[in-house]
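Scroll down for the structure; my scribbles are underneath it.
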Amino acid sequence: LRTGAVERLTDHEYAVAHATLSPDERRVAYSCRVPDRSGSATFVLDVDGGRPREVTVGERDGELAPADWHPDGRRLLVGDNSPDRPRSGVYDTDTESVTWLGDDQYVEEPVLFTPSGEEFLAVRSDGISELPVVYDLDTGDHRVLDYAPGVVEYPYQHGLCRCQTAAFGDRTLLVRHET
């Protein structure tokens with residue numbers, strides 16, 4: 001920002017989307033379509049150079065996209081629809097493994113980690129309403145927040161791209177609710 005210099009980080013055949021910067025600002029995660037696939041892939045890239053590393057979880061032709069970095073800068077919240085039901089997972093960039101959360105009974109999309117990193121937020125759809133869900137990373141347990149039937153959105157919610165200011169501390173959320 002100080003110099004106004006712009007540096008291109010990616011060089012893919014298709015457009016890049018859902019970019020999110022790690023807390024230490026050294027890595028970026030993003031998604032894009034890749035040749036010979038019908039879905040999208042997620043990549044992690046060091047901002048100071050190097051080749052992007054593909055996150056290889058989910059099925060090859062699914063839609064995999066990053067939602068948020070964990071405060072530890074090692075884990076990445078991802079959304080995936082490869083089992084034909086969008087779900088949330090926590091991808092560990094060190095072990096290159098993912099822990100899927102939820103029971104695949106509902107369509108869910110990840111939103112963001114809470115500031116402490118102990119929980120993450122998702123949006124659950126039952127086909128009629130969309131409700132906020134809070135997942136505990138240690139136990140995998142979740143709770144659906146108590147809202148009247150309707151649609152809950154986090155600020156600037158567009159697909160898997162979320163506003164990082166929807167969580168204020170670990171106890172306050174900013175949401176829009178329509179009935």
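Could you tell me whether any residue of the range 15-31 is under 25 Å from residue 142 (Cα atoms) and among the β-branched types (Val, Ile, Thr)? Checking the range 15-31: at least one residue is under 25 Å from residue 142 (Cα atoms) and among the β-branched types (Val, Ile, Thr). Among the residues of the range 1-27, the ones that are surrounded by 10 or more Cβ atoms within 10 Å (Cβ to Cβ), farther than 22 Å from residue 81 by Cβ and either in contact with a helix residue (DSSP H, G or I) (Cβ under 8 Å, 6 or more places away or on another chain) or of a type in the set (Val, Ile, Thr) (or both) come to 1 in all. Return the residue satisfying two criteria in turn: it lies in the range 47-73 and is among the acidic types (Asp, Glu) and assigned to a strand (DSSP E or B), and of such residues it is nearest to residue 96 (Cα to Cα). Top of the filtered list is 54.
Note on the range 101-135: residues that are part of a strand (DSSP E or B) and open to solvent by less than 50 Å² (accessible area, probe 1.4 Å) total 19.
Looking at (1) surrounded by fewer than 19 Cβ atoms within 10 Å (Cβ to Cβ); (2) without any contact (Cβ under 8 Å) to a residue 40 or more places away in the chain; (3) out of contact with any Phe, Trp or Tyr (no Cβ under 8 Å at 6 or more places or on another chain), can you tell me which one residue 54 breaks? All conditions are met except number (3). Yes or no: residue 55 among the β-branched types (Val, Ile, Thr), over 20 Å from residue 78 (Cβ atoms) and out of contact with any Lys or Arg (no Cβ under 9 Å at 6 or more places or on another chain)? Judged against the criteria, residue 55 is not a match.
The values are calculated or read from the model by the stated rules, or taken from the named source; none is laboratory data. As the structure is a prediction and not an experimental result, all values here were calculated from the model. Quick reminder, even Gly has a Cβ in these numbers, built from the backbone with ideal geometry, and neighbours come from all protein chains shown. Surface accessibility is based on the protein's heavy atoms, side chains included, excluding ligands, DNA and RNA. Shrake-Rupley method; radii C 1.70, N 1.55, O 1.52, S 1.80 Å.
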